[in-house]
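Chemist: Structure incoming, see below.
The values are calculated or read from the model by the stated rules, or taken from the named source; none is laboratory data. All values derive from a computational prediction rather than experimental measurement. Cβ atoms come from the backbone with ideal geometry, glycine included; neighbour counts cover every protein chain shown.
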Amino acid sequence: MPSSTSRPVSHERWRLAAVWAGVLAGPLAWLTLLEVNYLFAYVACEVQRTWFMHLASAVAVALIAASGYAAWTASHGDMRDEETVTHPLSDETRRQRSRWMSLAGVAFSIWFIVVILAMEVPIIVLRECQ
Amino acid sequence: MKPKAIDVSQLPMNAFGHRSIMWWGGASLMLMEGAMFAMLIVSYIYLKGRSPEWPPGYFAPVLFWGTLNTIVLAASTIPNHFAKAAAERLDLRSLQMWMCVALVFGVAFCVIRVFEFRSLNVWWDSNAYGSITWTLLGFHTLHLVTDVMDSTVLTVLLFVGPLQESHFSDASENALYWYFVVIAWIPVYAFVYLAPRLA
Amino acid sequence: MTEGIADDPRLEPSALAREARELANTWSEPRGFVGWFSCVDHKTVGVRFIVTAFGFFILAGLLAAAMRLQLARPDNTLIGPDLYNQIFTMHGTTMMFLFAVPVVLGFGIYFVPLMIGSRAIAFPRLLAFAYWMFLFSGIFLYVMFFLNIGPDRGWFSYVPLAGPEYGIGKRADVWAQLVSFTETSGLAVSVCLIVTIFKLRAPGMSLNRIPLFVWAELVTAFMVACSMPSIMVASGTLILDRLVGTHFYNHAEGGDALLWQHLFWFFAHPEVYIIFLPAQGIVSMIIATFTGRPVFGYIALVLSLVATAFIGFGVWVHHMFTTGLPQFGTSFFTAASIMIVVPSGVQIFCWIATLWSGRVRFATPLLYALGFFVVFIMGGLTGVMLAAVPLDAQVHDTFFVVAHFHYVLIGGSLFPLLGGIHYWFPKMTGRMLSERMGKTAFWLLLIGFNATFFPQHILGLMGMPRRVYTYPVEMQWGALNLLSSAGALTMFVALSIYLANVAISLRRGAVAADNPWGASTLEWATSSPPPPYNFVPAPTVGGRDPLWETRADLPVVVGLAADTREVLVTRLMDAEPDHRKEFPEPTVWPFLTAVAVGGLYIGSIFTPWAVVWGAVPCTIALIGWAWPRKGNRPRSLERQIAHRHRTAAEHA
Amino acid sequence: MPAIIQSALHPAGPQAASISHLWWLMFWTCSVVYVVVIGALLVAIRRRRDEGGSTDERSLTRSVAAATGVTVVILFGLLFASVATGRAVASLGSAEGLVIDVTGNQWWWDVTYENPTPSLQVKTANELHIPVGRQVRIQLKSNDVIHSFWVPNLHGKMDLIPGRQTAIWLQADTPGVYRGQCAEYCGLQHANMALTVIAEASDDFERWLVAQRQPAPPPASPEQQRGLEVVERGPCAMCHTVVGTSAGGRTAPDLTHIATRSTIAAGTAPNTRGYLAGWITDPQHMKPGAKMPSTGLSADELQAVLAYLETLK
């Protein structure tokens, strides 16, 4: 079996963490923000302010953007979903999967930032107690 | 040209941790059970939010038994740890011993649990606070009892049964599940015993 | 693990034939009466799931026909309110819990192990248990219905209508325990699917090469695992309220009716995606096969599935827009509900791009996929309208919503499923379905469906609420309702033709080759129908479309024992071979466990003590399940341990 | 029978009008999207492959990305329209508004016109009179299960939830009779739980309100007198109230001015002598499951009660 550990193990671990962060940070941050906003809506009505809701969105966006960036760097900006037939146990199989996950992480991060922007619309348009 | 062969006949017949399918089965189960605990706790917070006072009309549960049980549960992680390690070393003697010790803790916990229910100061049909408190504690007890029974069967099997290597990974997963029961207890304790005192 | 040379003696045709015989012996299911209850083969259980689910589909369809008869004209007195309420509750409950979820999981049970090149599904005994629980739940529900204690509080069972005070009798308990039954089954299947997809993939099938149908089943299984606990808590607390006098939903004692709605919809909205996503997987498979090219935008399609699943957990409040929750808070759910359209849109664009650039073959499965577009897109667009708080306030709980979700569920799920049966029937039975009958049924169904449900949009806007057993003639809803009922009759005819096609082709259909459609995924690499052990030799993959790629230099797996049920376990990310696992033999214990658990569930409708007494047989059954059988193991523990130490020493 | 208006597409008030504007915006947008997508699908499957059927993945990627971008833009537009409509709809409400309490029961609507002076309160059932052009606050409660108050010509629906208080603001701009109906499944007779909203000119409304404040007129004929006696001593008084008499039951609709209402049994039948007789004799036939039991009145008792009820204007 061809083996592949040309880079140190710790680096591989970091790459793995980065691609998973890219994939999972978006949805998890968004789901958390949704619940937080739902609770904040009651607070907003009481204090007649909404700045903290924008702040929460900004924090979530920053978090997601950072994870997306990590996923991007994990594959050195080389994000392709390019499919070639490889030997099942080869390095190339692993590299293609790694690139693919980086791309997925970046795409997911962008997408969930868009969803968070959509949640900004009601904060901007509606009055606090409606 | 004929295909080449990947020969797997030398691969081991068992694995521990996330390499094993038992581990993933256990993890899926914990995900579901964890979601149920989470839903009950969300329900608790929701009902608490609907009530002007908390606990409504009753004294908070007595702390003694629940806290005692927390200590028992924390202590039980020690034999549990050694049982898990023994299983992963395939050390049958050591595993048998630590499983027995862990079982003693489990049974002790179940016995003290009876006193916990008696010191809640509210009945399940008193009001919604009583209902959610009893259900939360009862749901944790259900896990406790099933896991103790599960461990008993496995321990008996380790002594008398036709043994297979996979039973060692079963023991390892059993220990992992016990950790889950212990960790699930922390929020349950916080909500059953501490939340009524904070309000 | 070693990689051998091309002329490994184990790959000689005669050696392979010998291995196949031995494997068939090892993996075959026991025969006879007891054998029938002992079956653990994922293909047999999968077919059982699909067939049983379609049995319930027919029952629920007949109930729908009864409702359409009653509503065909105003002031009709054919069916009274008591029976009508039971019928619409039974229809919804059956379709959601006994048809849609089991059937999509059933397809996964049958095809996931084949598509990923595995010998078996993980935890086959748990799977068998899940099937029996599902079967018992359906029998239980319909026996109760014929005893006139069928649930009548709607498939959503809102409290307090279903609570102890207003839901007198046992009807609401029947509903709650039915839910416990089916959720136990669904959760068990989801464990099997998750672990199978994570750990039993053929070497080389890294995450980016998993077939889209398998991705859909994986995402679905996770959604089941995360959403069904919510309904378990809901139905459990409802039972407690009704049986032992807790007050979760009694506002006089600090409970709250809206808590039920939150718990219910946190499950029930994801449920829609549980039904819908596997069907998306089927559409992807069909479109790839009948355009002869890999689906365009694999990564976009995978991400769409995953994104839909996540956002699906953040839209449940849109079922509660009219409960007086503040609009500021609920509007976030509007945003999520509108944004969830984008992943579906991306999928549709990718499929259109595939059709655009491929060579289209108009076989029946593809027609169903195209019918899916025509119907489902309409449902998706009315979904956008329902996400808007003010518009929802008008059309919520009217026939507009009935139309919307039938467009989504029948278009989004039933059409692909019927297409999927046409597509996979040859694999499952070894015979082709008739194309002529298939196309006739398709066109009739498409016309009948639109005639039934399109007018209901208008009825909803004209003010007709849901769940009414009659309506006065002055409302002028009669004509459209009559049209709708006529459409239902057409659908009935179409589905009858479909069933006749299945019945006839089962005996007289053309014999199918291994890969009659020229498809690309691994289930077509084995015989039709597949042997009990699925593959010999076990395959590996080097890309996303293994059967379309040059396979000459792709290795195969050898070295799995043929005399025991050995399965290759691989790693999560890149599916490198990790270890071998001996899978359990067929056994009757899962069946007995299901009987014991079912007895406990049913008994607890009548007395809480059933939980205590019922625990005894459950414990006995579980011990019987877990206890290893003596003597049928070829390897002793000592030998295994010695082997382990030896290989460890070799590595060091 | 004359047609009854109960439609979200015929708005008679500002909120229903805003919502119907949103509906038409969404309808046309979605229609265009549908036609475009299905058109693209048809072209994709019908186009000839041999002439220029190049399968350039890159241009496909661009097309899919562009379509996705357009989708996101359209959806942001619809989201904005939805939230803006929500803001407009919810901005009704003023201190001078008329306040009406509506309480849901299986299967009828209990209506109370609030007034700080208890004697000026008005109780009626299944029928609301509101002045045109004035804002009305409907406060919603439920006595049993969840119901939903829905008069589509005026506004969307709002649930009545036991243990909670909800409210909805309405305003009718055109005089007329608008039918509404319970929109949350509430048990056996969910289908027959209608209410009528009569929007009338301010003067007419005030006249109606003053008339409703009066107690029931005394019986004018011996037959009516006998009817009153049956009502007071018979089963009716256990559930119904007739102000000015000893009938004071609270679990069923107030009958003080029943003769002014257009329907009986929450819109199940028109309020005519024949239907009323049928309803009193055998309510379970007309509305199976209704909480009103069969009264077991003799024929002449029934005639007397009908004669009396007809005077309750």
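Chemist: Which of the following residues is within 11 Å of chain C (Cβ to nearest Cβ), in a loop (DSSP other than H, G, I, E, B) and on the phi < 0 side of the Ramachandran plot: A:130, A:96?
Modeler: A:130
Chemist: Find the residue count for the stretch D:83-127, including only residues that are under 13 Å from the mean Cα position of the chain (by Cα) and assigned to a strand (DSSP E or B).
Modeler: As a first pass, look at the stretch D:83-127 and keep what is under 13 Å from the mean Cα position of the chain (by Cα): D:102-104, D:107-111, D:125-127.
Adding the requirement that they be assigned to a strand (DSSP E or B) leaves D:102-104, D:108-111, D:125, D:127.
Residues meeting the conditions: 9.
Chemist: Among the listed residues D:100, D:38, identify the single one that is facing chain C (nearest Cβ under 10 Å) and out of contact with any His (no Cβ under 8 Å at 6 or more places or on another chain).
Modeler: From the options D:100, D:38, the qualifying one is D:38.
Chemist: Now for a separate question. Going through the stretch D:172-215 one residue at a time, which ones are aliphatic (A, V, I, L, M) and part of a loop (DSSP other than H, G, I, E, B)?
Modeler: Passing the criteria: D:172, D:183, D:188, D:193, D:201.
Chemist: Of the residues B:46, B:58, which single one is over 30 Å from residue B:168 (Cα atoms) and either crowded, with 20+ Cβ neighbours inside 10 Å or without any contact (Cβ under 8 Å) to a residue 24 or more places away in the chain (or both)?
Modeler: Numbers: B:58 fails: either crowded, with 20+ Cβ neighbours inside 10 Å or without any contact (Cβ under 8 Å) to a residue 24 or more places away in the chain (or both).
On inspection, the qualifying residue turns out to be B:46.
Chemist: Just for the stretch D:155-183: of the residues that are in contact with a Pro (Cβ under 8 Å, 6 or more places away or on another chain) and within 19 Å of residue D:87 (Cβ to Cβ), which one is surrounded by the fewest Cβ atoms within 10 Å (Cβ to Cβ)?
Modeler: The residue in question is D:171.
Chemist: If you don't mind, there's one more thing I want to ask. May I ask you to list the residues in the stretch C:311-349 that are in a helix (DSSP H, G or I) and within 20 Å of residue D:158 (Cα to Cα)? Don't jump to the end; show me each part of the working.
Modeler: Step one: filter the stretch C:311-349 for residues in a helix (DSSP H, G or I), giving C:311-312, C:316-319, C:327-339, C:341-349.
Residues satisfying the conditions are C:316, C:317, C:318, C:319, C:327, C:328, C:329, C:330, C:331, C:332, C:333, C:334.
For (1) out of contact with any Lys or Arg (no Cβ under 6 Å at 6 or more places or on another chain); (2) crowded, with 20+ Cβ neighbours inside 10 Å, each residue gets a yes or a no:
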{"residue": "C:489", "(1), (2)": "yes, no"}
{"residue": "C:499", "(1), (2)": "yes, no"}
{"residue": "C:503", "(1), (2)": "yes, no"}
{"residue": "C:513", "(1), (2)": "yes, no"}
{"residue": "C:520", "(1), (2)": "yes, yes"}
{"residue": "C:527", "(1), (2)": "yes, no"}
{"residue": "C:531", "(1), (2)": "yes, no"}
{"residue": "C:534", "(1), (2)": "no, yes"}
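Chemist: Are any residues in the stretch B:114-132 in a helix (DSSP H, G or I) and either surrounded by fewer than 20 Cβ atoms within 10 Å (Cβ to Cβ) or within 14 Å of chain C (Cβ to nearest Cβ) (or both), and if so, which ones?
Modeler: B:114, B:115, B:117, B:118, B:128, B:129, B:130, B:131, B:132
Chemist: While we're looking at this one, here's another question. Determine, yes or no, whether residue D:23 is surrounded by 18 or more Cβ atoms within 10 Å (Cβ to Cβ), at pLDDT 95 or above, aromatic (Phe, Trp, Tyr) and outside any loop (DSSP other than H, G, I, E, B).
Modeler: yes
Chemist: For the stretch D:132-147, give me the residue count where each residue is surrounded by fewer than 23 Cβ atoms within 10 Å (Cβ to Cβ) and out of contact with any strand residue (DSSP E or B) (no Cβ under 7 Å at 6 or more places or on another chain).
Modeler: Here the count works out to 1.
Chemist: Would you say residue C:363 is more than 24 Å from the chain's Cα centre (by Cα), hydrophobic (A, V, I, L, M, F, W, C) and more than 12 Å from chain A (Cβ to nearest Cβ)?
Modeler: So residue C:363 fits the description; yes.
Chemist: Limited to the stretch C:394-416, what total is found for residues that are aliphatic (A, V, I, L, M) and buried (at least 24 other Cβ atoms within 10 Å of the Cβ)?
Modeler: Taking the stretch C:394-416 as the starting set, the residues that turn out to be aliphatic (A, V, I, L, M) are C:395, C:401-403, C:408-410, C:414.
When the remaining residues are screened for being buried (at least 24 other Cβ atoms within 10 Å of the Cβ), the result is C:395, C:403, C:414.
Counting residues in the stretch C:394-416 that are aliphatic (A, V, I, L, M) and buried (at least 24 other Cβ atoms within 10 Å of the Cβ) gives 3.
Chemist: So, one more: Answer yes or no as to whether residue C:246 is within 11 Å of chain D (Cβ to nearest Cβ), crowded, with 24+ Cβ neighbours inside 10 Å and not aromatic (Phe, Trp, Tyr).
Modeler: no
Chemist: Among the residues of the stretch C:470-486, is there at least one that is under 15 Å from residue C:406 (Cα atoms) and either in a helix (DSSP H, G or I) or in contact with a strand residue (DSSP E or B) (Cβ under 7 Å, 6 or more places away or on another chain) (or both)?
Modeler: The initial filter retains those residues of the stretch C:470-486 that are under 15 Å from residue C:406 (Cα atoms), namely C:484-485.
When the remaining residues are screened for being either in a helix (DSSP H, G or I) or in contact with a strand residue (DSSP E or B) (Cβ under 7 Å, 6 or more places away or on another chain) (or both), the result is C:484-485.
Scanning the stretch C:470-486, I find at least one residue that is under 15 Å from residue C:406 (Cα atoms) and either in a helix (DSSP H, G or I) or in contact with a strand residue (DSSP E or B) (Cβ under 7 Å, 6 or more places away or on another chain) (or both), so the answer is yes.
Chemist: Residue by residue through the stretch C:146-172, note down the ones that are part of a helix (DSSP H, G or I) and buried (at least 24 other Cβ atoms within 10 Å of the Cβ). Spell out how you get there, then give the answer.
Modeler: Taking the stretch C:146-172 first, the residues part of a helix (DSSP H, G or I) are C:146, C:171-172.
If the condition is that a residue be part of a helix (DSSP H, G or I) and buried (at least 24 other Cβ atoms within 10 Å of the Cβ), then C:172 is the only one that fits.
Chemist: Among the residues in the stretch C:214-234, are any under 25 Å from residue D:106 (Cβ atoms) and assigned to a helix (DSSP H, G or I)?
Modeler: Here is the first cut: in the stretch C:214-234, the residues under 25 Å from residue D:106 (Cβ atoms) are C:234.
Narrowing the set further to residues that are assigned to a helix (DSSP H, G or I) leaves C:234.
Yes: the stretch C:214-234 contains one or more residues that are under 25 Å from residue D:106 (Cβ atoms) and assigned to a helix (DSSP H, G or I).
Chemist: With crowded, with 21+ Cβ neighbours inside 10 Å and either farther than 21 Å from residue C:582 by Cα or more than 21 Å from the chain's Cα centre (by Cα) (or both) as the only criterion, which of B:160, B:156, B:182, B:192 stands out?
Modeler: B:192
Chemist: Of the residues C:246, C:289, C:308, only one is under 27 Å from residue D:160 (Cβ atoms) and among the polar types (S, T, N, Q); which?
Modeler: On the way: C:289 fails: under 27 Å from residue D:160 (Cβ atoms); C:308 fails: under 27 Å from residue D:160 (Cβ atoms).
Only one candidate qualifies: C:246.
Chemist: Among the residues of the stretch B:163-179, count how many are buried (at least 20 other Cβ atoms within 10 Å of the Cβ) and among the aliphatic types (A, V, I, L, M).
Modeler: Residues in the stretch B:163-179 being buried (at least 20 other Cβ atoms within 10 Å of the Cβ) and among the aliphatic types (A, V, I, L, M): 2 in total.
Chemist: Determine if the stretch B:158-174 includes at least one residue that is more than 10 Å from chain C (Cβ to nearest Cβ) and closer than 16 Å to residue B:105 by Cα.
Modeler: yes
Chemist: Identify all residues within the stretch C:89-124 that are surrounded by fewer than 22 Cβ atoms within 10 Å (Cβ to Cβ) and in contact with a helix residue (DSSP H, G or I) (Cβ under 7 Å, 6 or more places away or on another chain); write none if there are none.
Modeler: C:91, C:96, listed by residue number.
Chemist: Name, by its number, the condition in (1) at pLDDT 95 or above; (2) touching an Asp or Glu at 6+ places or on another chain (Cβ under 8 Å) that does not hold for residue C:244.
Modeler: All conditions are met except number (1).
Condition check ((1) modelled with pLDDT under 90; (2) in a helix (DSSP H, G or I)) across all residues:
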site	(1), (2)
D:217	no, no
D:232	no, yes
D:278	no, yes
D:291	no, no
D:295	yes, no
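Chemist: Considering only residues that are without any contact (Cβ under 8 Å) to a residue 40 or more places away in the chain and crowded, with 19+ Cβ neighbours inside 10 Å, look in the stretch D:272-310 and name the one that is farthest from residue D:106 (Cα to Cα).
Modeler: Looking at the filtered set, the residue picked out is D:276.
Chemist: A further question follows. Return yes when residue D:64 is part of a helix (DSSP H, G or I) and crowded, with 19+ Cβ neighbours inside 10 Å and no when it is not. Outline the logic, then answer.
Modeler: Details: part of a helix (DSSP H, G or I): yes; crowded, with 19+ Cβ neighbours inside 10 Å: yes.
It is true that residue D:64 is part of a helix (DSSP H, G or I) and crowded, with 19+ Cβ neighbours inside 10 Å.
Chemist: Quick one: which helices (runs of 4 or more DSSP H) sit completely within the stretch C:1-93 and have at least 1 residues that are under 27 Å from the mean Cα position of the chain (by Cα) and over 30 Å from residue A:88 (Cβ atoms)?
Modeler: C:32-38, C:42-71, C:81-93
Residue-wise test of (1) over 21 Å from residue C:355 (Cα atoms); (2) modelled with pLDDT of 95 or more; (3) in a helix (DSSP H, G or I).
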site: C:379; (1), (2), (3): yes, yes, yes
site: C:400; (1), (2), (3): yes, yes, yes
site: C:413; (1), (2), (3): no, yes, yes
site: C:420; (1), (2), (3): no, yes, yes
site: C:425; (1), (2), (3): yes, yes, yes
site: C:433; (1), (2), (3): yes, yes, no
site: C:440; (1), (2), (3): yes, yes, yes
site: C:445; (1), (2), (3): yes, yes, yes
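Chemist: Let me ask another. Would you call residue D:191 in contact (Cβ under 8 Å) with a residue 40 or more places away in the chain and over 21 Å from residue C:320 (Cβ atoms)?
Modeler: No; evaluated as a whole, the condition is false for this residue.
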